[in-house]
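A short worksheet on the structure shown next.
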Protein chains: 2
Amino acid sequence: MEFVGTALVETPLPAISPLAGEPIERADAERLAGVLKALADPARLRLLSLIQASPEGEACVCDLTAPLGLSQPTVSHHLRILTEAGLLNRDKRGVWAYYSLVPSAIATVAELLTPPRKRATKKAR
Amino acid sequence: MEFVGTALVETPLPAISPLAGEPIERADAERLAGVLKALADPARLRLLSLIQASPEGEACVCDLTAPLGLSQPTVSHHLRILTEAGLLNRDKRGVWAYYSLVPSAIATVAELLTPPRKRATKKAR
């Protein structure tokens with residue numbers, strides 16, 4: 001059931017925020033929307049949260065099914081979407097794959113959604 | 001075609017980030033996912049970008065159809081979703097409604113998606 005795609009990972013996130021004061025290009029909007037779609041699901045947000053809260057900052061499917069109350073194939077499906085979006089790293093060790101957050105990817109999404117007034121205020125401090 | 005719902009606006013965004021190191025509650029994940037779903041569309045990201053880039057920081061449907069190449073009902077539909085999610089203000093003046101960003105709502109989403117290491121670095125500066 002489990003595999004890693006690279007569809008979204010291979011396209012970099014846009015360099016310009018949609019809130020920067022200039023209309024963004026269609027391709028940039030599509031790329032950012034793709035990553036936001038991966039985030040925009042309650043089960044996937046809870047998965048990110050559970051992985052982040054894990055003692056070593058990583059977790060396998062075996063750790064995640066019980067807290068979410070979802071089946072292994074369903075959890076694997078959500079993990080695959082997050083990995084394909086570049087938000088999770090996947091490290092295969094023995095029979096299990098271990099997932100950890102890609103903080104830089106999530107930070108870039110956060111940065112792109114930060115309104116410029118807030119950025120300016122921070123710089124002024 | 002145009003109306004303003006309040007479904008999402010009335011529920012506050014979660015106070016705790018999914019990346020804060022503790023598993024988030026299901027209700028918080030659902031609320032954040034709802035707002036991210038509103039953002040996770042190329043046309044809606046471009047609408048936010050166009051409104052932000054407008055001279056007065058506001059725009060009506062009449063300003064937005066041509067740059068997006070979409071019909072007025074389609075643009076109105078997307079504006080309604082963004083307004084319902086609390087990301088846009090809607091101000092009816094005469095025959096047109098004028099839309100502007102709600103920077104605090106977008107900043108809150110960005111803050112919730114900021115990995116804690118980044119927040120710690122900012123505080124340490």
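The values are calculated or read from the model by the stated rules, or taken from the named source; none is laboratory data. Everything numeric here is computed off the predicted structure, so don't read it as measured data. No Cβ is skipped: glycine too gets one built from the backbone with ideal geometry, and neighbour counts run over all protein chains shown. All accessible areas refer to the heavy atoms of the entire protein, side chains included, with ligands and DNA or RNA removed. Shrake-Rupley method; radii C 1.70, N 1.55, O 1.52, S 1.80 Å.
How big is the B-A contact in terms of buried accessible area, both chains counted, 1.4 Å probe, rounded to the nearest 100 Å²? Don't skip to the end; give the middle numbers.
Values: alone 7680 and 7690 Å², together 12200 Å².
Looking at B and A, the buried total is near 3200 Å².
List, shortest first and in nm to one decimal, how far the label point of B:T74 (7 Å from Cα along Cα→Cβ) is from its counterparts in the other copies.
Label-point separations across copies, in nm and ascending: 3.4.
Measuring nothing but label to label, 7 Å from Cα along Cα→Cβ, what are A:P12's distances to the other copies in nm, shortest first?
3.9
Compute the label-point distances linking B:C62 to its equivalents in the other copies; points lie 7 Å from Cα along Cα→Cβ; give nm, one decimal, shortest first.
Sorted ascending, the copy-to-copy spacings read 6.5 nm.
Given a Förster distance of 41 angstrom, what is the FRET efficiency for A:V95 paired with B:I16, based on the Cβ-Cβ distance and rounded to 0.05?
Details: r = 34 Å, r/R0 = 0.82.
The computed FRET efficiency comes out at 0.75.
Let me know the volume per residue of the alpha-carbon convex hull for region A:65-115, in Å³.
Working: hull volume 4.9 nm³, N = 51.
Measuring per residue, one finds 96 Å³ for the Cα hull of region A:65-115.
Using a 1.4 Å probe on the protein chains only, how many percent of the accessible area of region A:26-124 belongs to carbon and sulfur? Numbers along the way, then the final one.
Working: 2160 of 4200 Å².
Its accessible area is 51 percent carbon and sulfur atoms.
How much area per residue is accessible in region B:45-92 when the probe is 1.4 Å and only protein heavy atoms are counted (Å²)?
Values: 1900 Å² over 48 residues.
Per-residue value: 40 Å².
On average over all directions, what projected area in square nanometres does region B:16-124 have, based on the convex hull of its Cα atoms? Walk me through the numbers on the way to the answer.
Working: hull surface 33.1 nm².
Taking the Cα atoms of region B:16-124, their convex hull projects to 8.3 nm² on average.
Which distance in nm do the two modelled labels at B:H77 and B:S104 give, with both placed 7 Å along the Cα-to-Cβ direction?
A separation of 3.2 nm, rounded to one decimal place.
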